[in-house]
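Remarks on the structure that follows.
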Amino acid sequence: MLKQILKYAERVYQINICDLSGLKIKLKKQPIKILTQDECKILIKYLVKHANKINIGILLALFTGIRIGELCALKYRNILFDEAIMIISETLQRIQKKDHKSLKKTKIIITTPKTMSSIRKIPIPSSILPLIIKVYSNGSGFLLTGDENKFIEPRTIQNRFRKILNETKISQINFHILRHTFATQCLINGMDIKSLSEILGHANVNITLDKYVHPSFEEKRRNMNKLGEYLTVK
């Protein structure tokens, strides 16, 4: 942030205080939290039992890894039921208003994702497709409301998700953890990194590798044992 302020001062006001381009701050990576297998089963069971547009939207996020803003911006035209495909082309978010005189300090915008790679097609898993068809087969406009003009914003989804966690006795987590859980489960089940990167909408596979590919010690042990079996003299 300080670097950007100094660049702005130099560009706009021709003030050159100091050069921080050589300054590197090493950030300590925090382990990514995900839902356990048991927590996933509890959450899925609850969402299916209490199936409605919002709950199945949350289930869709768990099974596809879409971001909360992308879920809120989804419209019926984005779901190709016959092809079992979901098209991500927009995101919905609340931002600060630049007009400081306005009584409302924030506003909702619907825009294209921040990168071209975020505009993507995602196959809908066959295991939840019948439920998606049942809940969303009739309607128009926004997927979570079935209304052309009425949408649900991320904050409302997060609040609803928090209530579900309370009811299911799952520890409080951010909605984004569903995306982490999806990505981790995909890797555990053998999905190749390129496919996962494209489904997540990452600009390149390095982002996916850096964020999600962190093998456990047991995985390292299994791989070492496989190598040992290969090198064993028979």
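Might you let me know whether the range 206-217 holds any residue that is buried (at least 16 other Cβ atoms within 10 Å of the Cβ) and hydrophobic (A, V, I, L, M, F, W, C)?
Checked against the condition, which is being buried (at least 16 other Cβ atoms within 10 Å of the Cβ) and hydrophobic (A, V, I, L, M, F, W, C), the range 206-217 yields no hits at all.
Filter the range 120-152 for residues that are within 21 Å of the chain's Cα centre (by Cα) and exposed (fewer than 15 other Cβ atoms within 10 Å of the Cβ); which is farthest from residue 41 (Cα to Cα)?
121
Among the listed residues 114, 104, identify the single one that is farther than 20 Å from residue 78 by Cα and modelled with pLDDT under 90.
Every option except 104 fails the conditions.
Taking interchain pairs and intrachain pairs at least six residues apart, which have beta carbon atoms under 6 angstrom, with the first residue in the range 115-136 and without any contact (Cβ under 8 Å) to a residue 40 or more places away in the chain and farther than 17 Å from residue 207 by Cα and the second surrounded by 14 or more Cβ atoms within 10 Å (Cβ to Cβ) and not basic (Lys, Arg)?
Within 6 Å, the pairs are 121/87.
Kindly provide the set of residues from the range 137-185 that are free of Cβ contacts under 8 Å to residues at least 40 places away in the same chain and closer than 24 Å to residue 81 by Cα, ordered by number.
Scanning the range 137-185 gives 138, 147, 148, 149, 150.
Under 9 Å between Cβ atoms, which residue pairs at least 6 apart in sequence (or on different chains) link something in the range 10-31 that is among the β-branched types (Val, Ile, Thr) with a partner that is surrounded by 10 or more Cβ atoms within 10 Å (Cβ to Cβ)?
Qualifying pairs under 9 Å: 15/6; 15/9; 17/6; 17/9; 17/10.
State all residues of the range 1-42 that are outside any helix (DSSP H, G or I) and charged (D, E, K, R); if no residue qualifies, say none.
Of the residues in the range 1-42, the ones outside any helix (DSSP H, G or I) are 1, 14-36.
Once the filter is applied, which keeps residues that are outside any helix (DSSP H, G or I) and charged (D, E, K, R), the range 1-42 yields 19, 24, 26, 28, 29, 33.
Would you check if there is a residue in the range 17-32 being surrounded by 13 or more Cβ atoms within 10 Å (Cβ to Cβ), within 30 Å of residue 166 (Cβ to Cβ) and not hydrophobic (A, V, I, L, M, F, W, C)?
Among the residues of the range 17-32, not one is surrounded by 13 or more Cβ atoms within 10 Å (Cβ to Cβ), within 30 Å of residue 166 (Cβ to Cβ) and not hydrophobic (A, V, I, L, M, F, W, C), which makes the answer no.
Within the range 75-86, can one find any residue that is surrounded by 11 or more Cβ atoms within 10 Å (Cβ to Cβ), under 14 Å from residue 153 (Cα atoms) and without any contact (Cβ under 8 Å) to a residue 24 or more places away in the chain?
No - not one qualifying residue is present in the range 75-86.
The values are calculated or read from the model by the stated rules, or taken from the named source; none is laboratory data. This structure is a prediction, so every number in the text was calculated from the model and none was measured. Cβ: placed from backbone, ideal geometry, glycine included. Neighbour counts: every protein chain shown.
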